[in-house]
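All remarks here apply to the structure that follows.
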Amino acid sequence: MSKPVKPEPAYYLASRCPSCGAAKSRPSATAYVYCDFCGSLADYDFRKACEQPRSMPGPVYEKLSAKLKPQCEKALLANDREKYLELQTELFDAYVEACPNAVPVRVGDAIFRLAFVAHSAGCCTVIAFDDEYKKISEAMTQATAALQWTQHEGATRVSHKSFKAMLDTVVAAQERTYSDELYSQYAPHPDGAGADLLKRIGYSGFVQGWLPYLHEATTKLLLETTGLKQEYLTVETNASALLNCGFCKNTVPVFAGAKQCVCEQCGHKLEVEQGIRCDGCGSHLAVDKNSRDFPCPQCRRKIERVGLQWPGVFSL
Ligand SMILES: [Zn+2]
Ligand SMILES: [Zn+2]
Ligand SMILES: [Zn+2]
């Protein structure tokens, strides 16, 4: 395999939610697989990630990154963590804007977005000041420089042995980043994702970048080492009901027994045990726990909460 294979649309990643144990039974709209029953981040779908073009941040982000680079280096030399974190926060906020495909769809929710940026910036800051990580990073630079290239059937390939040496340093870096010792020092992932899932997400971009340059045996090693050799199933089950998202025009499938799910278009986590019937257009809407009054996305009529109660509430 020299290129990621385009999956059939009817296939989905075989995964089980670590929070509630429910199995996913339909394709996810993005590489971030959210549970249809509790709305937790359940898995990361590498094949889905390969379907979308790799995110390149573009000139606005590149310009900011170049501008902040000397300040980051200065803060590192001065051992000024606070300043470094501040700069990384600015940079990650710009990254979320520039690469929406590379980050969870839930960044569409402003509260989630703040927490996600704090987590990512905190993570980068902690590893930048960690002596062990610095050593791994130096070894990675050396292993990358020592990569050996060959021509194979007219295509450029990297040698298995030299790639394996480099991969070992990448694995060491991911292990260090998400070790208990370091992970306890920065803001947790706002989806509560565990270290294993975060490592897989972290590997994704690296793997996508390298696949075109690898021999078959190297590809196999890479996918197995990074946990991105995943199992796919065909779609079997259907949702028991459909609700309209209360924040956008997306339709959200609801499965029997589901409590919460994530709208894959706008990223809001929705309560789906009950729906709200819009008295303007009659559409069945789902909103989150913290919603105040909101305009119906279908007809724009203002839907108002009376105390704790929504009008037109019905159970599914
Ligand atoms: Zn779940
Ligand atoms: Zn939505
Ligand atoms: Zn309406």
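The values are calculated or read from the model by the stated rules, or taken from the named source; none is laboratory data. On a predicted model such as this, the values are computed, not experimentally measured, just so you know. Reconstructed Cβ throughout: ideal geometry from the backbone, glycine too, with neighbour counts over all protein chains shown.
In the condition set (1) touching a Phe, Trp or Tyr at 6+ places or on another chain (Cβ under 6 Å); (2) closer than 20 Å to Lys269 by Cβ, Ile111 is compliant with all but (1).
Report yes if Tyr213 is modelled with pLDDT under 95, over 16 Å from the mean Cα position of the chain (by Cα), under 19 Å from Tyr32 (Cβ atoms) and more than 16 Å from ligand 3 (Cβ to nearest atom), otherwise no. Even if it seems obvious, please write down each step before you answer.
Numbers: modelled with pLDDT under 95: yes; over 16 Å from the mean Cα position of the chain (by Cα): yes; under 19 Å from Tyr32 (Cβ atoms): no; more than 16 Å from ligand 3 (Cβ to nearest atom): yes.
Judged against the criteria, Tyr213 is not a match.
Scanning segment 251-276 for residues that are more than 16 Å from ligand 1 (Cβ to nearest atom) and surrounded by 16 or more Cβ atoms within 10 Å (Cβ to Cβ) turns up Gln265, Cys266, Gly267, His268, Gly275, Ile276.
In segment 275-291, of all residues being at pLDDT below 90 and of a type in the set (S, T, N, Q), the one that is farthest from ligand 2 (Cβ to nearest atom) corresponds to Asn290. The listed residues are Lys220, Lys269, Lys229, and the only one of them that is basic (Lys, Arg) and in contact with a helix residue (DSSP H, G or I) (Cβ under 6 Å, 6 or more places away or on another chain) turns out to be Lys229.
Within segment 297-313, residues that are more than 16 Å from ligand 2 (Cβ to nearest atom) reach no partner that is at pLDDT below 85 and assigned to a strand (DSSP E or B) with beta carbons closer than 9 Å at six or more positions or on different chains. Being surrounded by 13 or more Cβ atoms within 10 Å (Cβ to Cβ), among the hydrophobic types (A, V, I, L, M, F, W, C) and over 30 Å from Gly194 (Cβ atoms) is the filter here; which residues of segment 126-175 pass it? Leu147, Val158 - these are the residues of segment 126-175 that are surrounded by 13 or more Cβ atoms within 10 Å (Cβ to Cβ), among the hydrophobic types (A, V, I, L, M, F, W, C) and over 30 Å from Gly194 (Cβ atoms).
Can you confirm whether Leu242 is surrounded by fewer than 16 Cβ atoms within 10 Å (Cβ to Cβ), at pLDDT 90 or above, touching a strand residue (DSSP E or B) at 6+ places or on another chain (Cβ under 9 Å) and over 30 Å from Trp149 (Cβ atoms)? So Leu242 fits the description; yes. Listed by position, the helices (runs of 4 or more DSSP H) enclosed by segment 122-192 that each have at least 1 residues that are of a type in the set (A, V, I, L, M, F, W, C) and within 23 Å of Glu224 (Cβ to Cβ) are 131-145, 160-177.
Test Asp43 against the stated conditions and say whether it is within 16 Å of ligand 2 (Cβ to nearest atom), of a type outside the set (S, T, N, Q) and closer than 24 Å to Leu243 by Cβ.
Numbers: within 16 Å of ligand 2 (Cβ to nearest atom): no; of a type outside the set (S, T, N, Q): yes; closer than 24 Å to Leu243 by Cβ: yes.
Against the criterion (within 16 Å of ligand 2 (Cβ to nearest atom), of a type outside the set (S, T, N, Q) and closer than 24 Å to Leu243 by Cβ), Asp43 does not qualify.
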